[in-house]
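**Q** Let me begin by handing over the structure; questions about it come next.
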Amino acid sequence: MILIRFDDRGIVAALREIEAQVKDRKKLMDKAGRTIRDYTRETIKMQGRLRPYAPMTRSSKQTSGKHKLFSGVPRDIVHVAHNDRFVVYFNRVTVGWNLEMHTKGIQVPYTRGITMMIPNGLGKARNELGQFTGGSLGPKFFRFRRPFKVPAREIWPSRPEVIHQINEVLRQWLADVNRAAQAKYKQNGGT
């Protein structure tokens, strides 16, 4: 007959280690939040994971001076973790647009009578000699805009993608808990 008591030092140390890891779930939630945040940032940098983003219009490229969509946005995708949940969100106050417009896609109506500006200009301009150049010199102002559609673009991961990523984090966390419990057990006389 083999008798194992639960007051054995090695077993008690291992159980305490497991309890400590399970009670302090904030570390797990932080790791899960960082994983989804990085996954979202990488999707934006790749210009779409499941399918490529619809390209920017010529006027949008000239207005922004950028050739890739959402340049600078990945650093504003942040996360916050609590003991029982994490949240990944877009952390920037915007005027006139937000990320949801691109996530869902919207129809921008015809605009007239409001002076708008394209900072990098649009079309051809004359240089100081009066000759037309390929680019423009300075901003261009306009008072109307034709209607256009902002296409839906996949920015946030889908539920199956999130579940897959979180399963990997949980698998690693359980392996770490197992390793830590075995180490405590061995340190306290277990074999």
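The values are calculated or read from the model by the stated rules, or taken from the named source; none is laboratory data. Not measured: the values here are computed from a predicted model. Cβ placement follows ideal geometry from the backbone for every residue including glycine, while neighbour counts extend to all protein chains displayed.
**Q** Across the range 23-42, which residue is surrounded by the fewest Cβ atoms within 10 Å (Cβ to Cβ) among those that are touching a residue at least 60 places away in the same chain (Cβ under 8 Å) and under 17 Å from ASN91 (Cβ atoms)?
**A** That would be TYR39.
**Q** Mind listing just one residue for me: the one in the range 145-165 that is farther than 30 Å from HIS79 by Cβ and surrounded by fewer than 11 Cβ atoms within 10 Å (Cβ to Cβ) and, of those, modelled with the lowest pLDDT?
**A** Result: ARG146.
**Q** For the range 48-55, state whether one or more residues are closer than 19 Å to VAL150 by Cα, without any contact (Cβ under 8 Å) to a residue 24 or more places away in the chain and either in the same structural domain as LYS23 (by TED's automatic domain parsing) or aliphatic (A, V, I, L, M) (or both).
**A** Checked the range 48-55: at least one residue is closer than 19 Å to VAL150 by Cα, without any contact (Cβ under 8 Å) to a residue 24 or more places away in the chain and either in the same structural domain as LYS23 (by TED's automatic domain parsing) or aliphatic (A, V, I, L, M) (or both).
**Q** Is it the case that ALA14 is touching a Phe, Trp or Tyr at 6+ places or on another chain (Cβ under 7 Å), surrounded by 15 or more Cβ atoms within 10 Å (Cβ to Cβ) and farther than 30 Å from ARG159 by Cα?
**A** yes
**Q** Also, quick follow-up: Going through the range 57-101 one residue at a time, which ones are in contact with a helix residue (DSSP H, G or I) (Cβ under 7 Å, 6 or more places away or on another chain) and assigned to a helix (DSSP H, G or I)?
**A** Correct list: PRO74 only.
This table checks each residue for (1) in a loop (DSSP other than H, G, I, E, B); (2) on the phi < 0 side of the Ramachandran plot; (3) not charged (D, E, K, R).
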position: ARG16; (1), (2), (3): no, yes, no
position: LYS31; (1), (2), (3): no, yes, no
position: ASP38; (1), (2), (3): no, yes, no
position: ILE44; (1), (2), (3): no, yes, yes
position: PRO55; (1), (2), (3): yes, yes, yes
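**Q** Counting only residues that are surrounded by fewer than 10 Cβ atoms within 10 Å (Cβ to Cβ) and of a type in the set (Ser, Thr, Tyr), how many does the range 88-110 have?
**A** Looking only at that region, the number is 1.
**Q** So, in the range 141-191, exactly how many residues are part of a helix (DSSP H, G or I) and of a type in the set (A, V, I, L, M, F, W, C)?
**A** The qualifying residues number 12.
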